[in-house]
Amino acid sequence: MSAAGNALRVVRLLHEHDELRVLEVAARLGVARSTAHRILAMLVFEGFAEQDRHKVYRPGPALRAIRGSRAAPPPDLITLAAPICNAWRTSSARPLT
């Protein structure tokens, strides 16, 4: 699975479960803990997740805005996340898998 695909899977997990830990994300994606942490850190940076003082990740303002929108259908998550994932991919010093 690509880095973008894994990031989108984590967004979906946050949407479905409302709180996650790094180890849970790593297990669900089948990736190393460091990879899960990197994905979550990118989602925090972009506002799709928030981390509390207990190291629990929850939906961030960007994801809550998508979930809470009732006036219009929510934008497609792939469309929203693609520029973020592309920027992350191009700024990364090493390839992500």
* Structure fact -> Distance in nm between ALA65 and ALA32 label points, each 7 Å along Cα→Cβ, equals 3.4
* **Neighbour-limited loop hits for trypsin sites (Lys or Arg not before Pro), region 19-55 (at most 15 other Cβ within 10 Å; DSSP other than H, G, I, E, B)** => ARG21, ARG53, LYS55
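Quick one: pull the percent of accessible area on region 1-45 belonging to carbon and sulfur, 1.4 Å probe, ligands and nucleic acids left out. Kindly include the intermediate steps, with their values, before the conclusion.
Details: 1310 of 2430 Å².
That share works out to 54 percent.
The values are calculated or read from the model by the stated rules, or taken from the named source; none is laboratory data. All figures in this text were calculated on a predicted structure; none of them were measured in a lab. Virtual Cβ from ideal backbone geometry, glycine too; neighbours counted across all protein chains shown. Ligands, DNA and RNA are stripped out before the accessible areas are found, and what is left, the full protein with its side chains, is counted by its heavy atoms. Shrake-Rupley method; radii C 1.70, N 1.55, O 1.52, S 1.80 Å.
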